[in-house]
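The values are calculated or read from the model by the stated rules, or taken from the named source; none is laboratory data. Small disclaimer: the values here were computed from a predicted structure and weren't measured. Here Cβ is always computed from backbone atoms with ideal geometry, including for glycine, and neighbour counts include all displayed protein chains. Each accessible area value is taken on the protein alone, full model and side chains, heavy atoms only, with ligands, DNA and RNA left out. Shrake-Rupley method; radii C 1.70, N 1.55, O 1.52, S 1.80 Å.
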Amino acid sequence: MVDLESEVPPLPPRYRFRDLLLGDQGWQNDDRVQVEFYMNENTFKERLKLFFIKNQRSSLRIRLFNFSLKLLSCLLYIIRVLLENPSQGNEWSHIFWVNRSLPLWGLQVSVALISLFETILLGYLSYKGNIWEQILRIPFILEIINAVPFIISIFWPSLRNLFVPVFLNCWLAKHALENMINDLHRAIQRTQSAMFNQVLILISTLLCLIFTCICGIQHLERIGKKLNLFDSLYFCIVTFSTVGFGDVTPETWSSKLFVVAMICVALVVLPIQFEQLAYLWMERQKSGGNYSRHRAQTEKHVVLCVSSLKIDLLMDFLNEFYAHPRLQDYYVVILCPTEMDVQVRRVLQIPMWSQRVIYLQGSALKDQDLLRAKMDDAEACFILSSRCEVDRTSSDHQTILRAWAVKDFAPNCPLYVQILKPENKFHIKFADHVVCEEEFKYAMLALNCICPATSTLITLLVHTSRGQEGQQSPEQWQKMYGRCSGNEVYHIVLEESTFFAEYEGKSFTYASFHAHKKFGVCLIGVRREDNKNILLNPGPRYIMNSTDICFYINITKEENSAFKNQDQQRKSNVSRSFYHGPSRLPVHSIIASMGTVAIDLQDTSCRSASGPTLSLPTEGSKEIRRPSIAPVLEVADTSSIQTCDLLSDQSEDETTPDEEISSNLEYAKGYPPYSPYIGSSPTFCHLLHEKVPFCCLRLDKSCQHNYYEDAKAYGFKNKLIIVAAETAGNGLYNFIVPLRAYYRPKKELNPIVLLLDNPLDDLLRCGVTFAANMVVVDKESTMSAEEDYMADAKTIVNVQTLFRLFSSLSIITELTHPANMRFMQFRAKDCYSLALSKLEKKERERGSNLAFMFRLPFAAGRVFSISMLDTLLYQSFVKDYMISITRLLLGLDTTPGSGFLCSMKITADDLWIRTYARLYQKLCSSTGDVPIGIYRTESQKLTTSESRKIASQSQISISVEEWEDTKDSKEQGHHRSNHRNSTSSDQSDHPLLRRKSMQWARRLSRKGPKHSGKTAEKITQQRLNLYRRSERQELAELVKNRMKHLGLSTVGYDEMNDHQSTLSYILINPSPDTRIELNDVVYLIRPDPLAYLPNSEPSRRNSICNVTGQDSREETQL
């Protein structure tokens, strides 16, 4: 058997492993031959084809030379006509023979030789096997007619004066121009619009027709009127314009026939060209044009990339973008893959927008469309996601690809990206500014449960408004609410500021209080010059530096403010001083503003994180002196400030023994060991010592660890927070973390119940009757509605059902479209709601961006639309700090030394403070908190007609209530005697109750005189009121019967306590003389408690964190 290995030749030396490492040393001795490969066949024809046709630049030069030759031949023809003397007589020989000088003949022969040679050469190079295809082409035929007679005249001198229609070379010049434009686009790597090409072809066609007609008529009239070129031009213009004066007309039959032929050609050729031009014009109107390079280099523009452009999105962007004065000269280029909507087209035709907005139909994934938008020269690019799609993950994927495409095409263009899902954020970390919808949505929903109407507060802060909304309204609360809504966040350098320059070297709380007292501005945060992190209320230990950037809340920025000198200010403020009249501050408080020594300093030791208590002096001190407020110190007294150790929970010492034991066993403080998605900010919060088994997470099902099947059986000490959502997405992490933040006391932590489906039985089992808040998240399954505004239909109806069944329940929800907020807690015949609807329409007519702000559910913080936060992304173009400040306020980001948003409620013991200025001083001097606004609740004031209507209904309503309350008490006693599961008798009593109620109402209606119209109207109102009462009673009985059927107690269910008689609203940064009222909720920015830890504390803190991190890293959870 032959050994196969012996037949295999050894590898050459250059393929050995040693040579791969050290290099091939023996390749010089190899007998190798260098071979050159050509992309094309290396023949003479191929080289000519490469030069004349394939090479872009050389082909462009050839076509430009050919175009020049054709124009030169036409110019020589005009010179020959002008130099020729008109001959007398009408002989036909004048048609065939002309007078041509020898130099002119020589030039025309030279041009003809060159043109014919070039035509034959190009025909040879483009020859593909069919000779007749090359010969029968119209350009080739015209070239033969114009060039061959001149070449023949070289060998036959008697034909030198033969007439040759050289003017037909204009058509060859037109053909060369078209080819030259195409080569020009290829050579410079730019694609000109088809509209430009079509317009060029139309103009050149029209010029060729006119030039041919002029030269033809002039030559044929040599035996007639002897027209010159100018008369022929006049005749052609008059004829083609259909004017037809008739003063110049052809005489010979040949010229008349020529005119008829040219008119027929014009009637065929020109309409075709106009049709193509009109078609391209319509297509351009659909897809938009181009943003010219010259405008991009001389003017500023931004690009808006969207999947589909709706009128609401467009108007929100334009109104918010152009609200800033320095952006008035910017252009907005919209890049959208879909055709322009009819409403959008109408809006863009308005002169105010048509001069500044350019719509381009195209894709951000195409470099050609990005070039049309001049993305590389843009000041910014806004990329928005389509939140109306069913699959939001797919929408995020499209947004990510757009962001990648823009970053690849224009790396230096700033990117402002909106994303929907938080788990997709890490794909676009390179973007300059990113707003994640679900992060902000869940964070605002969570803070609404702690600080009421946080969503409304944030929405008003990020919207641009002049504070003119509601000023024409007769309602006082609408005037105050609308005026305070104009407050926004601004920034300025301390040394350049009139507001804060005098507070250099003083504490932050001192600067915040005195700036508010003196100028009415609210200083909320600072940033060091050498630091990128913004600190919200860094506390009294922070000393202001001249280079610090100050962030403050005010109606307008300081640069747009006018300041009066002290003399004028004293004269103008004599009658309206903040400290005049009943709202006057104590004397020592005024002295403190001058920088005197602090007296009556409050204890600033460890504070409760839930809310400050503005306590009065002791009983003994009340007899000696009146309550007073300590002044705010210029520099914090470190000896009097005690540190707050959050890890030891000193703020929760006043607890019962049972609560202390249970709290110590259940909770620990630390960072969550797991993150649901990349990019989430770690937050110090309350954690469980041990991980809860998955089976125990089901509230409605018992397991081997517990036997509870409803929320009541768990015996929660605090009220529940119920979250109704379709799916448990990663965004819920941002809902849970603010509710479990480290600065919240353990005794105030609310249990959180996630309700993935909300039938009535599940609602009752999860404890909806004793829940603090019910949070309803927008349903994604309804996003596929054909009508965009119907995307909120399911959420609105579900919330309305909850509102009707549980009228005392605090419901917080989020909608897709702001216009749908008017349907929340909808009452069709409520006069006050109708009046607010009219007010909203008037504010929209005045051009307000916040026309919906007076709707009671929005003002009270019961509903908001996440699309309102689109303005946050738009504002970040001018205010690059807005996203960071909003994330700090919502608790999405935590910066060491930065404060957090919380609230406190004004009680009866706090009313001695009287004014907002005194409250500001009290908070700054005692706890270091900075107030930024008030959440006020007051009763609705009914009009005279409404009060009369209610008075007319009061008699029958009181009687009905008394009778039904008696009936209820009897039924309750009957229910107590029966067994829990015996519900058949309860269900049978319900029809009887309603039947007796209607009989009783009819009996009352018979008592009144039938002839009285007022009495009949009164009876109608009584019947309506009785029907309403019966409907509410029916809903109450339905809920109670279901609770009894499920074995749940009906204690605590209150079916009549609705909030129709109250309204709530927000006052952002109110004036210092604003009176505080009972039950006002004050928004505070509290300093970071961890910032007061001394230097010796980190060792203890680290030891505790290490224990919780090492021993129970795998067991700890939220």
Between Asn99 and Leu401, Cβ-based FRET efficiency (R0 51 Å, step 0.05) works out to 0.10
Residue-ordered couplings for region 213-227, obtained by feeding phi - 60° into the Karplus form 6.51 cos²θ - 1.76 cosθ + 1.60 and rounding to whole Hz (Gly and Pro as x), are 5, 5, 5, x, 5, 4, 6, 6, 8, 5, 9, x, 7, 6, 6
Which ³J(HN,Hα) values in Hz, rounded to whole numbers, follow from the phi angles of region 852-860 under the Karplus curve 6.51 cos²θ - 1.76 cosθ + 1.60, where θ = phi - 60° and Gly and Pro get x? 7, 5, 8, 5, 4, x, 6, 4, 7
Accessible-area value, Met480, 1.4 Å probe, nucleic acids and ligands omitted, Å²: 40 Å²
Of Trp253, Trp171, Trp404, ordered by accessible area with the largest first and a 1.4 Å probe, the sequence is Trp253, Trp404, Trp171
What percentage of the solvent-accessible surface of region 116-251, computed with a 1.4 Å probe over protein heavy atoms, is contributed by carbon and sulfur atoms? 70 percent
Given a Förster distance of 30 Å, report the FRET efficiency between Phe44 and Leu71 from their Cβ-Cβ distance, rounded to the nearest 0.05. 0.45
Links that overshoot a 32 Å alpha carbon limit, given the list Lys45/Lys366; Lys49/Lys407; Lys518/Lys841; Lys829/Lys1044; Lys310/Lys842; Lys441/Lys841: Lys45/Lys366; Lys49/Lys407; Lys518/Lys841; Lys829/Lys1044
For Leu815, residues with placed amide H under 5 Å, excluding near neighbours: Phe864, Ser865, Ile866
Rank-order 545-552, 898-905, 113-120 by packing density, defined as the average count of other C-beta atoms within 10 Å over each peptide's residues, highest first. 898-905, 545-552, 113-120
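Quick check: from the Cα gyration tensor, does region 710-784 come out rounded (a/c under 1.5), prolate or oblate?
oblate
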First check a/c for region 334-434, with a ≥ b ≥ c the square roots of the eigenvalues of its C-alpha gyration tensor; if it is under 1.5, answer rounded, and if not, answer prolate when a/b is larger than b/c or oblate otherwise. oblate
Place the peptides 523-531, 872-880 in order of packing, highest mean first, counting for every residue the other Cβ atoms within 10 Å and averaging per peptide. 872-880, 523-531
Kindly state, to the nearest 0.05, the FRET efficiency for Asn319 paired with Phe426, given R0 = 30 Å and r defined as their beta-carbon distance. 0.40
Going by average Cβ neighbours within 10 Å, how do the peptides 482-492, 1067-1077, 454-464 rank, with the highest at the top? 454-464, 482-492, 1067-1077
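Which percent of the accessible heavy-atom area of region 449-545 goes to carbon and sulfur, probe 1.4 angstrom?
So the carbon and sulfur contribution to the accessible surface is 42 percent.
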So for region 441-543, using the alpha carbon gyration tensor with a ≥ b ≥ c as root eigenvalues (a/c under 1.5 gives rounded; past that, a/b versus b/c decides prolate or oblate), I'd call it oblate
